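The structure under discussion appears below in the form of structure tokens.
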Amino acid sequence: MGISSSFLLVGATAAEISGVIRFTGSIVEGSCDVIPVHDNVQANCQRNGQDVISRHALELAASAPQPLPESIGTSQLNWLDVSRKQGILLVSYN
């Protein structure tokens, strides 16, 4: 069972929103910081005390799930409008 979270992208910036995440089990490592950087989606993660980064073009992230560093999950962008100004970034952890 994985854990998923999503972020609303407005233009090229992420909007902070509040919400509730419910899960069963335990958190053994922190989540990744996933941010838009120019025309890319960048995931900054920490594993075993080391920083690991992956970067994917927005077009790739919108076409199929893209792997997070160390194969810990995926991220995928779903556009909300045809002008591609607003979207939801879904991050799923394994």
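We did not get these values from a lab; they are worked out from the coordinates using the rules stated. The shown structure was predicted, so the numbers you read here are calculated from the model rather than taken from an experiment. Because the Cβ atoms are built from the backbone with ideal geometry, glycine has one as well, and the counts that use them run over all protein chains shown.
Structure notes:
- Nitroxide proxy distance, nm - points 7 Å out along Cα→Cβ at R47 and T24: 2.7 nm
- Summing charges over neighbours of V52, with a neighbour being any other residue whose Cβ is under 15 Å away from its Cβ, gives -2 when K and R count +1 and D and E count -1.
- Net length gained if the chain between N78 and A64 were fully extended (0.36 nm per residue, minus Cα distance): 4.1 nm
- For the peptides 34-40, 64-70, 78-84, residues were scored by their other Cβ atoms within 10 Å and the scores averaged per peptide; the highest-first order is 64-70, 34-40, 78-84.
- Between K85 and N40, the simple label model (points 7 Å from Cα in the Cβ direction) yields a spacing of 2.6 nm.
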